[in-house]
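Engineer: Dumping the structure here so I can ask a few things about it.
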Amino acid sequence: MNREFAFPGTRPRYAPDRVVDIQHIALAIEVDPVKRSVAGTATLTCAVIVPTKVVELDAVELTIEKVAVNGKATTFRHDGRKLRVDVPGAEQLAIAIEYKGAPRRGLYFTAPDDGYPQKPVMAWTQGQDEDSRYWFPCIDAPIEKATSEIIATVPAAMFALSNGVLVSDKTKGGKRTLHWKLDVPHSCYLITLAVGDFSTIETKWREVPVVYYVQKGLEDKAERTLARTPKMLELFSTKFGVPYPYPRYSQVFVADFIFGGMENTSATTLTDTILLDERAAIDYDVDALVSHELAHQWFGDLVTCRDWGEGWLNEGFATYSEYIWREHHEGRDAADLELEEWAEAYFGEDAVRYRRTIATKLFDEPIDIFDHHLYEKGGRVLHMLRHVLGDELFFKSLAYYLGKHKHGLVESRDLARAVADATGKNVDWFFSQWVIDSAGHPDLDVHIEWDPETMVATAAVEQTQRVEGRTPVFRLPTALRFRIGERDVDHKIEIAEQRQVFRIKLEGEPSQMIFDPGRVVLAQRKIDKPEPVWIAELHGATLGLDRAAAAAVLGKRGGPAAEAALGVALEKDKFWAVRGSAAQALGAMRTTTARDRLIKRLKAEVNPRARRAVARALGEFTLDPIAASALAHVVDKGDSSYFVEAEACLALGKTRAGKSGELLRKAATRESFTDVIRQHAYRGLAEARDDSAVALLAEGMRWGKPTQGRRAAAGALAQLMRGRRDREARDARERIELLLVDRDFRVQAAAIEALGVMGDPAAIPALRRMVDRELDGRLKRRGREIMRDLGEGAPLAEDVRRLRDEIGELRAAVAALRERLDQPQAEKKPAPKRKKR
């Protein structure tokens with residue numbers, strides 16, 4: 001039984017009533033990065049919708065000094081959260097609010113400190129979901145859209161970026177005032193300000209300026225990271241049927257950003273941790289993030305969810321746009337890998353945390369629903385919709401939807417109506433099933449066989465998920481693909497019952513029989529068909545994802561024929577990811593011959609992403625000194641790729657080789673992109689069960705260490721202490737609890753997860769204190785979940801750990817036994833007769 005998403009007592013949240021229509025927001029403010037403060041005037045120009053004597057605004061932890069309406073002072077009441085302004089009986093209102101504040105949310109400040117003396121002085125905003133209210137008075141809800149301008153005064157040596165175009169830029173004395181204006185209405189969570197001493201990199205798409213801002217000295221990294229932005233603008237303008245809708249597109253890198261990126265209208269903010277150096281760019285890019293935030297300029301900014309319960313219309317489309325870009329840039333096989341990553345993220349959340357409908361009104365804070373259901377499942381749903389409609393009608397629908405609702409607000413039914421209007425197809429059933437009314441996904445058992453006498457292929461499909469609560473029997477349009485000779489022959493089918501059998505007459509015997517080619521349907525699946533068919537699909541399926549799926553199945557089945565086929569794929573498949581999947585499958589087999597194939601490939605594989613998978617697979621060979629030696633060589637000597645070297649660290653730890661600790665400690669001193677090598681070295685020490693690493697991990701958590709490494713150190717320390725209740729474990733728990741009040745939000749989040757891993761209910765009071773005082777909804781939500789989990793299941797932690805270890809050792813023993821049984825036995829010679837004495 002999946003857990004409910006909403007906690008007991010959660011009430012539905014809807015868009016607020018509107019008594020005025022805010023048409024324009026003008027901020028004339030001074031930002032002081034040293035004092036960490038903001039002060040100035042917010043002027044809201046409004047049209048009255050219904051006669052009213054009071055306008056209520058959001059203004060949290062701000063000091064309101066004066067309020068005037070239409071140029072005349074007025075009375076107001078402010079309780080620290082809501083500002084109630086008395087207004088005259090007029091059709092148009094100009095509400096001018098003088099205020100000041102030292103925000104704890106919404107507007108953030110960075111500066112050098114004792115731990116990070118090189119950190120730049122910056123100020124930047126983050127409004128989503130409802131945090132603009134912390135730095136200027138507003139109606140802080142997506143439903144309120146207005147044009148905007150910011151006149152920002154900052155220290156003379158600094159620059160300030162905001163939405164739209166730069167109207168003026170003046171310096172007087174020690175201060176600089178920049179005036180930005182956007183004449184396109186947008187929700188106030190998208191209003192942005194970023195202040196810093198930036199370098200400016202300018203390029204163009206068509207006639208639109210495309211500008212990057214980055215800390216001085218990092219210009220090469222910024223250009224490397226964002227180089228494909230103009231091509232993305234061209235692709236999306238073409239695919240979406242609406243050209244990029246703003247006069248300029250800016251991207252700015254800031255320190256300590258609390259998200260990966262934020263799609264502020266015409267001016268995206270990005271974390272500076274993604275800036276690529278040359279070595280990282282060998283086998284890594286951040287195109288997914290860059291394309292995601294860019295796509296929001298259409299889906300989220302131009303057309304905006306009416307309330308946060310419909311947030312998937314922003315985030316699902318932005319997520320699926322990552323696929324659209326990758327498909328265009330690298331081809332379908334590369335894009336399909338993202339689909340599988342999304343599915344794994346969603347399935348994990350659904351199984352371990354909760355199940356919910358994608359669109360929902362039941363949440364405590366809007367940020368609660370910014371999860372894998374909203375992003376990854378939302379993206380997968382759009383991929384299924386594309387296949388239901390076909391490419392032509394899908395993109396026609398998007399163009400119609402964007403054109404019809406340009407500058408407006410939408411709900412899921414608006415997208416369904418747009419599809420119907422553009423294509424004539426009624427997709428209400430689809431949105432009801434996947435978005436609005438139902439939750440979960442199908443679990444499919446599929447059996448496929450071929451009858452040479454009747455020339456009929458039979459596919460028996462059963463939906464095995466529990467049909468309860470909001471989880472239904474699903475309606476699933478899909479296909480069966482048969483390879484007959486050299487041709488793929490596709491037959492469309494639709495699954496609509498709990499059990500169905502499809503019989504398809506074919507012209508000849510199929511060598512391949514693929515259910516749901518490309519794994520379009522979001523489903524957990526078990527597929528049964530003859531081993532020769534799996535092998536044929538591994539070697540020749542048209543789509544890389546289908547070849548990779550065959551590799552995974554053959555790895556689980558085991559046996560000489562499967563291993564031989566995987567060995568061929570490991571060396572010869574044209575797509576690196578299939579070679580990687582073959583490596584993983586060989587690792588799952590755990591035979592000495594599979595190990596030797598992997599060691600050979602670790603040396604020969606030229607693609608670093610495939611090489612990474614080979615290293616990962618060798619980590620499956622627990623207590624195998626030969627596998628450990630191959631990995632130790634990579635850890636000791638390094639690799640051209642950060643990520644291969646990092647993966648080798650983790651895999652070496654998993655082998656639990658005697659000397660792994662020394663090498664991993666050495667690796668933990670190496671600097672790398674996103675601290676990836678140190679992260680994996682820490683995790684490797686935990687996998688190696690190296691209790692002597694406790695002091696190293698505790699030091700790695702210290703303020704002043706790289707943030708990614710701090711988070712990994714907390715997680716690794718928790719893994720080492722999992723299920724333990726001795727003094728050392730108590731000390732480790734208390735160290736991690738201290739991170740719940742860390743100045744780094746990301747480290748706080750890692751500490752919450754680490755306490756969940758440790759499984760000690762004694763952490764509940766510290767978590768409760770964090771939840772009670774914390775402003776960030778993400779931390780509050782996850783803290784409540786972990787408290788619930790610790791209260792329910794903590795006593796089982798040690799038993800689970802012990803059982804996991806026993807299963808791992810048993811699997812290794814079974815693999816070794818299977819290998820001996822699979823090897824042909826030498827003919828036994830009779831024992832020589834002894835001579836009688």
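Engineer: It is to be established whether one or more residues within the stretch 40-47 are within 14 Å of Arg18 (Cα to Cα) and of a type outside the set (Phe, Trp, Tyr).
Structural biologist: Let us first name the residues in the stretch 40-47 that are within 14 Å of Arg18 (Cα to Cα), namely 46-47.
Then keep just the ones that are of a type outside the set (Phe, Trp, Tyr); that gives 46-47.
Yes, the stretch 40-47 contains at least one residue that is within 14 Å of Arg18 (Cα to Cα) and of a type outside the set (Phe, Trp, Tyr).
Engineer: Give me the residue from the stretch 475-527 that is open to solvent by 30 Å² or more (accessible area, probe 1.4 Å) and polar (S, T, N, Q) and, out of that set, farthest from the chain's Cα centre (by Cα).
Structural biologist: Here the answer is Ser511.
Engineer: Any residue in the stretch 554-574 that's over 11 Å from Leu586 (Cα atoms) and at pLDDT 95 or above: show its pairings with residues that are among the hydrophobic types (A, V, I, L, M, F, W, C) and open to solvent by 20 Å² or more (accessible area, probe 1.4 Å) at Cβ separation under 8 Å, as long as the two are six or more apart or on different chains.
Structural biologist: Filtered contacts from the stretch 554-574: Ala561/Ile535; Glu571/Ala604.
Engineer: So, one more: Of all residues in the stretch 424-439 being open to solvent by less than 30 Å² (accessible area, probe 1.4 Å) and in contact with a helix residue (DSSP H, G or I) (Cβ under 8 Å, 6 or more places away or on another chain), which is nearest to Pro472 (Cα to Cα)?
Structural biologist: It comes out as Ser438.
Engineer: Take the stretch 500-529 and flag every residue that is within 26 Å of Gly348 (Cα to Cα) and out of contact with any helix residue (DSSP H, G or I) (no Cβ under 8 Å at 6 or more places or on another chain).
Structural biologist: Narrowing the stretch 500-529 to residues within 26 Å of Gly348 (Cα to Cα): 514-528.
Selection gives Phe515, Asp516, Ala523, Arg525, Lys526, Asp528.
Engineer: Moving on. Any chance the stretch 562-574 includes a residue that's open to solvent by 10 Å² or more (accessible area, probe 1.4 Å) and within 29 Å of Gly379 (Cα to Cα)? Give the derivation first.
Structural biologist: Taking the stretch 562-574 and keeping what is open to solvent by 10 Å² or more (accessible area, probe 1.4 Å), we get 563-564, 568, 571-574.
Filter once more, keeping what is within 29 Å of Gly379 (Cα to Cα): 573-574.
Scanning the stretch 562-574 turns up at least one residue that is open to solvent by 10 Å² or more (accessible area, probe 1.4 Å) and within 29 Å of Gly379 (Cα to Cα).
Engineer: Please count how many residues of the stretch 537-559 are under 13 Å from Leu337 (Cβ atoms) and of a type in the set (A, V, I, L, M).
Structural biologist: Step one: list which residues in the stretch 537-559 are under 13 Å from Leu337 (Cβ atoms), which gives 543-549.
Subset that is of a type in the set (A, V, I, L, M): 543, 545, 548-549.
The number of residues fulfilling the criteria is 4.
Engineer: Moving on. Would you point out the residue of the stretch 201-227, among those that are polar (S, T, N, Q) and touching a residue at least 40 places away in the same chain (Cβ under 8 Å), that is surrounded by the most Cβ atoms within 10 Å (Cβ to Cβ)?
Structural biologist: Of the residues in the stretch 201-227, the ones polar (S, T, N, Q) are 203, 215, 225.
Add one more test, that the residue is touching a residue at least 40 places away in the same chain (Cβ under 8 Å), and what stays is 215, 225.
Details: Gln215: 21, Thr225: 27.
Out of the qualifying residues, it is Thr225.
Engineer: Contact list please: Cβ distance under 6 Å, first residue in the stretch 142-158 and within 19 Å of Leu57 (Cα to Cα) and open to solvent by less than 30 Å² (accessible area, probe 1.4 Å), second residue of a type in the set (Val, Ile, Thr) and not in a strand (DSSP E or B), pairs at least six apart or on different chains.
Structural biologist: Correct list of pairs: Ser148/Ile191.
Engineer: Please go through (1) among the acidic types (Asp, Glu); (2) more than 30 Å from Arg356 (Cα to Cα); (3) out of contact with any helix residue (DSSP H, G or I) (no Cβ under 6 Å at 6 or more places or on another chain) for Glu497 and return the number of the only condition it doesn't satisfy.
Structural biologist: (2)
Engineer: Filter the stretch 729-749 down to the residues that are under 19 Å from Gly115 (Cα atoms) and outside any loop (DSSP other than H, G, I, E, B) and list them by number.
Structural biologist: If we filter the stretch 729-749 for residues that are under 19 Å from Gly115 (Cα atoms), which is where we start, we get 735-736, 738-748.
Hits for the stretch 729-749 are Arg735, Ile736, Leu738, Leu739, Leu740, Val741, Phe745, Arg746, Val747, Gln748.
Engineer: Another one. Take the residues in the stretch 43-64 that are of a type in the set (A, V, I, L, M, F, W, C) and assigned to a strand (DSSP E or B), then tell me which one is nearest to Gly174 (Cα to Cα).
Structural biologist: Going through the stretch 43-64, the residues of a type in the set (A, V, I, L, M, F, W, C) turn out to be 44, 46-50, 54-55, 57, 59-60, 62, 64.
Filter once more, so that each one left must be assigned to a strand (DSSP E or B): 44, 46-48, 54-55, 57, 64.
Details: Leu44: 29, Cys46: 35, Ala47: 39, Val48: 41, Val54: 40, Val55: 38, Leu57: 34, Ile64: 27 Å.
By that ranking, first place goes to Ile64.
Engineer: Right, here's the next one. Only one of Glu149, Glu130, Glu98 is in a strand (DSSP E or B), of a type in the set (Asp, Glu) and in contact with an Asp or Glu (Cβ under 8 Å, 6 or more places away or on another chain); which? Steps first, answer last, please.
Structural biologist: Numbers: Glu149 fails: in contact with an Asp or Glu (Cβ under 8 Å, 6 or more places away or on another chain); Glu130 fails: in a strand (DSSP E or B).
Result: Glu98 is the single residue among Glu149, Glu130, Glu98 that is in a strand (DSSP E or B), of a type in the set (Asp, Glu) and in contact with an Asp or Glu (Cβ under 8 Å, 6 or more places away or on another chain).
Engineer: Turning to a different aspect of this structure: Can you tell me which residue among Gly80, Gly40, Gly115 is out of contact with any strand residue (DSSP E or B) (no Cβ under 9 Å at 6 or more places or on another chain) and either open to solvent by less than 30 Å² (accessible area, probe 1.4 Å) or not in a loop (DSSP other than H, G, I, E, B) (or both)? I'd like the intermediate steps shown before the answer.
Structural biologist: Numbers: Gly40 fails: out of contact with any strand residue (DSSP E or B) (no Cβ under 9 Å at 6 or more places or on another chain); Gly115 fails: out of contact with any strand residue (DSSP E or B) (no Cβ under 9 Å at 6 or more places or on another chain).
Only one candidate passes the filter, namely Gly80.
Engineer: Step by step: first the residues of the stretch 14-27, then only those that are in contact (Cβ under 8 Å) with a residue 24 or more places away in the chain and surrounded by fewer than 18 Cβ atoms within 10 Å (Cβ to Cβ), then the one that is farthest from Arg306 (Cα to Cα). Which residue is that? It would help to see each step written out before you state the result.
Structural biologist: Just the residues of the stretch 14-27 that are in contact (Cβ under 8 Å) with a residue 24 or more places away in the chain, to begin with: 14-16, 18-27.
Next, only the ones that are surrounded by fewer than 18 Cβ atoms within 10 Å (Cβ to Cβ) stay: 14, 16, 18-19, 21, 23-24.
Numbers: Tyr14: 9, Pro16: 10, Arg18: 13, Val19: 16, Asp21: 14, Gln23: 17, His24: 19 Å.
Ranking the candidates gives His24 first.
The values are calculated or read from the model by the stated rules, or taken from the named source; none is laboratory data. Source: prediction; values computed, not measured. Ideal geometry is used to build each Cβ from the backbone, glycine not excepted, and the neighbour counts take in all protein chains shown. Note: areas computed on protein heavy atoms with side chains; ligands, DNA, RNA excluded. Shrake-Rupley method; radii C 1.70, N 1.55, O 1.52, S 1.80 Å.
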